[in-house]
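The next block holds one structure in the form of structure tokens; read it before the comments.
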Amino acid sequence: MPGVDRISVDLLDKRVNSLASRAVLLFGVPDDADKDEDGAAAFDENGVVPSAIRAIKKSRPDLVVITDVCLCAYTSHGHCGVLTPADLPARRRAGLLPSRSRGSSKGGEIDIDATLDALARVATAHAEAGADMVAPSAMTDGQVKAIRARLDRHGFQNTAIMSYAAKFASSFYGPFREAAHSAPTFGDRRAYQLPAANRREAIRDALLDEAEGADWLMVKPAMPYLDVLFELRSATRLPIAAYQVSGEYAMLKAAVAAGALDEKQAVMESALCIKRAGADAIITYYAEEICGWLEER
């Protein structure tokens with residue numbers, strides 16, 4: 001991902017003080033040695049994301065800090081939830097998929113209850129460190145409700161939830177997964193992310209998250225799913241974010257490098273189209289460039 005770097009906590013001070021954007025979305029990349037079957041490092045209060053939150057808030061208390069809440073970067077198997085252990089080794093060798101998160105919990109599939117507990121603990125650890133908003137992305141049914149309940153019990157009623165409500169099983173995530181070392185080691189995530197052809201399910205899942213207490217909803221990816229974004233905008237009064245993901249960014253960069261596109265014009269047009277379709281916020285790796293170009297106007 002040209003122009004995008006992983007940043008260690010000790011270098012955050014300099015980086016955040018140069019930001020023109022008013023909000024950041026944090027993704028943790030732990031050491032491989034810290035990964036295990038259950039992703040326990042994700043809710044370590046001294047882990048990479050809580051440490052980053054504290055560092056950012058110390059340097060830029062005005063900066064809105066949003067954190068990704070998932071287990072994929074912290075599990076040794078790379079899936080977004082805790083798996084039931086009974087026949088996990090055999091399923092890994094066979095390359096079988098875990099079930100859709102709303103399905104049964106037979107051996108080697110997503111353990112819904114354990115995953116919901118872990119996600120809620122991750123969100124609470126982030127809130128305790130100072131996160132303004134947590135963004136669950138595991139696509140586990142009931143995750144918003146579980147997180148909201150635990151946050152409220154621990155006194156974080158004002159910590160907002162941005163749900164990855166319409167997150168599709170997309171081929172456009174590849175560059176990020178490679179950079180964050182978060183790709184599954186077996187199978188894939190189609191078992192619990194949304195199928196690309198099913199717009200109705202995306203709207204239904206988003207409205208379920210709203211009913212569970214989400215403060216923001218998200219559509220991911222952005223440009224290939226503008227129809228979903230447009231329909232969701234008509235179905236809810238909640239603010240909606242659209243995530244221009246790593247593959248969208250990489251395609252634009254590659255086209256610019258090949259001389260096929262004017263970078264500023266193409267990027268600003270893509271952002272305008274996402275906004276036109278109904279996004280209240282755009283999550284993009286072009287955030288800094290877009291902020292600069294807007295200031296030039």
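The values are calculated or read from the model by the stated rules, or taken from the named source; none is laboratory data. Nothing here was measured: the structure is a model prediction, and the numbers come from that model. Positions of Cβ are backbone-derived with ideal geometry, glycine not excepted, and every protein chain shown enters the neighbour counts.
Quick notes on this one:
- Scanning the stretch 199-219 for residues that are crowded, with 24+ Cβ neighbours inside 10 Å and not aliphatic (A, V, I, L, M) gives a single hit, Asp209.
Residue by residue, here is whether (1) over 18 Å from Leu116 (Cα atoms); (2) at pLDDT below 90; (3) of a type in the set (Ser, Thr, Tyr) holds:
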| site | (1), (2), (3) |
| --- | --- |
| Met1 | yes, yes, no |
| Arg15 | yes, yes, no |
| Asp44 | no, no, no |
| Val48 | yes, no, no |
| Ile66 | yes, no, no |
| Thr75 | no, yes, yes |
| Thr84 | no, yes, yes |
| Leu88 | yes, yes, no |
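- For Asp38, the stated conditions hold: it is at pLDDT below 90, over 16 Å from the mean Cα position of the chain (by Cα) and under 18 Å from Ile147 (Cβ atoms).
- Conditions (1) touching a helix residue (DSSP H, G or I) at 6+ places or on another chain (Cβ under 7 Å); (2) among the hydrophobic types (A, V, I, L, M, F, W, C); (3) buried (at least 17 other Cβ atoms within 10 Å of the Cβ); number of the one not met by Ala235: (3)
- Scanning the stretch 209-237 for residues being outside any strand (DSSP E or B), closer than 18 Å to Val69 by Cβ and free of Cβ contacts under 8 Å to residues at least 60 places away in the same chain gives a total of 1.
- Any hit, the stretch 97-117, residues being surrounded by 22 or more Cβ atoms within 10 Å (Cβ to Cβ), within 23 Å of Ile7 (Cα to Cα) and modelled with pLDDT of 85 or more: no
- Residues within the stretch 33-89 that are within 18 Å of Ile7 (Cα to Cα), assigned to a loop (DSSP other than H, G, I, E, B) and not aliphatic (A, V, I, L, M), tallied: 4
- Taking the criterion of being closer than 21 Å to Ala52 by Cα, assigned to a helix (DSSP H, G or I) and aliphatic (A, V, I, L, M), the residues of the stretch 110-146 that qualify are Ala118, Leu119, Ala120, Val122, Ala123, Ala125, Ala127, Ala129.
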